[in-house]
Amino acid sequence: MNTTIKYDGVYQSHIRSLVNEYFTITNKLKNASDLKQLQAKLKSTKRKLCRLDYVDVLALQNSFELWHLLMNDPDLYFRRTLCRKLFNLSEPDVAEALGYSATRAGAAHNLFNSSGMPHWPRPFKLSILLNHPWQLVNKNDPEEFSYSSPAEYFDPGVSKKIHIKDLSKEKTLVKSIAGFVILNPQEVFPLETPPVTGRWVTTYPEMDYFEFHLHHEPVMDKALQRRILNAFPFANDVITTYVPFRSKMRSLWIMMPKVGREQDFKGIITELKGFRDATVHYPLR
């Protein structure tokens, strides 16, 4: 496995140091005789990675290659926790989104301290929250054949079926992250065949965004920009980017700053368009 990662200026020194430490140890483990000591060091490094702030984990995901290597770690707890940090999700957020009652809030905590799989349909709900294939965030040994399409969105009770014109007003009802099956995406994206999937993400302090999972890179001409603004009147920017582990899809984020955080939002945009792999930025205003 190739673990030579190209770094850009986006990585602060502490992130670079942790990532280098992680890959140095994992490479040594392949031919090591003193496994116990190296495994203890790796466990410590993973704990430090899992304590990173969401901004730092967003920076890690800028690199397609680096993120996929981290998400292929055999430790399910590690994969889940990095994904939770990526979207700034608290354990109470996860408990509520998965439908755990107040008396069972500890069940969500256990998901990030063990390798168990919750009862159905919670594995699919967790997949939508963490934006990765359901087996990758629910099984110790995921099967890659399960990664190809976002099938988790179509299980009954997991996502809301909706027309594209109604998506904007759904944002006020979303407490963290929610999944949707869009029945008529072609009204905004003419090349798309219905249905397509998507998510409202409202967990960041700087911004909210709706993420479409598309099968084509859209032509972002003036007509498409008008259709986006008609469907999402408060939209400020659009990016298209890669979808983790789904190479045949494109992710399109319709983004808007939170009140009072406009400068911080601009910083996020600068980071994404400057450093994130396979990403294109389109200002709408």
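The values are calculated or read from the model by the stated rules, or taken from the named source; none is laboratory data. As the structure is a prediction and not an experimental result, all values here were calculated from the model. When we count neighbours, we look across all protein chains shown, and the Cβ atoms used for this are built from the backbone with ideal geometry, even at glycine. Just the protein is used for accessible areas: all its heavy atoms, side chains included, with ligands, DNA and RNA removed. Shrake-Rupley method; radii C 1.70, N 1.55, O 1.52, S 1.80 Å.
Tabulated data for the structure shown
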quantity: Among ALA231, ALA40, ALA59, residue whose mean-square fluctuation peaks in a GNM of the chain (springs only between Cα atoms under 10 Å); calculated: ALA40
quantity: Magnitude of the charge dipole, the chain, Cβ model with Lys/Arg +1 and Asp/Glu -1, debye to 20; calculated: 380 debye
quantity: Eligible aspartates and glutamates near LYS175 by straight Cα distance, threshold 19 Å, same-chain separation 8 or greater; calculated: GLU91, ASP93, GLU96, ASP166, GLU206, ASP208, GLU211
quantity: Accessible area of the stretch 126-223 divided out per residue, in Å², using a probe of 1.4 angstrom; calculated: 42 Å²
quantity: Whether the stretch 133-222 is rounded, prolate or oblate, judged on the alpha carbon gyration tensor where a/c under 1.5 counts as rounded; calculated: oblate
quantity: In degrees, nearest ten, helix 35-50 long axis to first principal axis of the chain (Cα); calculated: 30 degrees
quantity: The chain: most fluctuating residue of LYS169, LYS139, LYS161 per GNM, C-alpha cutoff 10 Å; calculated: LYS169
quantity: J(HN,Hα) series, the stretch 171-187, from Karplus relation 6.51 cos²θ - 1.76 cosθ + 1.60, nearest Hz, glycine and proline x; calculated: 4, 5, 8, 8, 8, 9, 9, 9, x, 9, 10, 8, 7, 9, x, 5, 5
quantity: Zero-based 5 Å bins, Cα pair distances in the chain, whole percents; calculated: 1, 5, 12, 16, 18, 17, 14, 9, 5, 2, 1, 0, 0
quantity: 0 to 90° range, to nearest 10: angle between helix 262-275 axis and the chain longest Cα axis; calculated: 70 degrees
quantity: Relative contact order of the chain, defined on C-alpha pairs under 8 angstrom at six or more residues apart (%); calculated: 14 percent
quantity: Phi-based couplings in Hz for the stretch 152-168 (Karplus 6.51, -1.76, 1.60; Gly and Pro marked x); calculated: 4, 5, 9, 6, x, x, 9, 10, 9, 7, 7, 8, 5, 5, 9, 5, 4
quantity: Candidates VAL181, VAL19, VAL137, ranked by Gaussian network fluctuation over the chain, Cα under 10 Å, top entry; calculated: VAL19
quantity: Principal-axis tilt of helix 222-231 within the chain, Cα atoms, nearest 10 degrees; calculated: 90 degrees
